[in-house]
Each structure stands twice: as C-alpha cells, then as structure tokens.
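Inspection log for the structure reproduced underneath, given as structure tokens.
The values are calculated or read from the model by the stated rules, or taken from the named source; none is laboratory data. Values in this document were obtained by computation on a predicted structure and should not be read as measured data. A quick note on method: Cβ atoms are made from the backbone with ideal geometry, for glycine too, and the neighbour counts reach across all protein chains shown. Ligands, DNA and RNA are excluded from the accessible area calculation, which covers all protein heavy atoms including side chains. Shrake-Rupley method; radii C 1.70, N 1.55, O 1.52, S 1.80 Å.
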Amino acid sequence: MPYSHNCYSFRIENANGENKSVKDSTVINALQDQAQLALSKHISQVYPTQPSRFGKLLLMLPALRTINASSIEEIFFRNSIGSIPIERLLTDMYKSQDL
C-alpha cells in the first residue's frame, strides 16, 4: 500500500469531526470502511504473523484523534501539497468524483 494512501486513509478517519464542509455521512462512512479494509488487507499481507496488529491499530485511533489537524497536515502533506488546506483538497476531490 503506497505511503500516500496510508496518509489519505488516516485523514478520512478524521474527516467526520473536523471537516464541516463534507456533509454526506454515508460517503464518509463508506470511505472509512474502504480505508479500514485496505489497511486490514495490507497488515495481513505484510505482517502475517501478527494477527492482532490491525485491532491494536484501531484501538490507537482515539489517541490519534487528539492530534491537531494542522499538525497532521504539516507532518504528512506539507511537502506534497504546499500550503493548501487539506479540507479544501478533500472537498475538491469529493466534488470531482462520483462516489
């Protein structure tokens, strides 16, 4: 699974509470499910001897949600997207695709 996909998936996990411009919870839930399935598949392929790894990662999500969105943008996205707010980028991506 590409690094950028991991970052995008993580951001989708956080979109529910932070991105007020995305209002379609059905789409958000579908994207969250898709991200979780992709992560589960990746973990089972890369770490086949650690069957509890996926569950442990899911248990860490509440702690990760305490990290400020701007900090995540700075760490993971600033080098690739520049100063464009991630909320704007996700909203533009959402509006440009038929989901």
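See the values below:
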quantity	calculated
Selection count, the range 55-67, where residues are part of a helix (DSSP H, G or I) and out of contact with any helix residue (DSSP H, G or I) (no Cβ under 9 Å at 6 or more places or on another chain)	6
Flag if ILE12 is of a type in the set (Val, Ile, Thr), at pLDDT 90 or above, surrounded by 11 or more Cβ atoms within 10 Å (Cβ to Cβ) and part of a helix (DSSP H, G or I)	no
Pairs with Cβ under 6 Å, 6+ apart, first in the range 25-54 and within 29 Å of THR91 (Cβ to Cβ) and in a helix (DSSP H, G or I), second open to solvent by 40 Å² or more (accessible area, probe 1.4 Å) and at pLDDT below 85	VAL27/LEU99; ILE28/ASN16; HIS42/MET1
Lone unmet requirement of (1) at pLDDT below 80; (2) surrounded by 12 or more Cβ atoms within 10 Å (Cβ to Cβ); (3) aromatic (Phe, Trp, Tyr) for TYR3	(2)
Residue in the range 56-67 that is nearest to PRO85 (Cα to Cα), counting only those that are open to solvent by 50 Å² or more (accessible area, probe 1.4 Å) and in contact (Cβ under 8 Å) with a residue 12 or more places away in the chain	ARG65
Counted residues, the range 79-99 - those being surrounded by 13 or more Cβ atoms within 10 Å (Cβ to Cβ) and of a type outside the set (A, V, I, L, M, F, W, C)	4
Meets criteria (farther than 26 Å from THR26 by Cβ and assigned to a helix (DSSP H, G or I)) for SER83	no
Condition check for SER70: out of contact with any helix residue (DSSP H, G or I) (no Cβ under 7 Å at 6 or more places or on another chain), modelled with pLDDT under 85 and open to solvent by 80 Å² or more (accessible area, probe 1.4 Å)	no
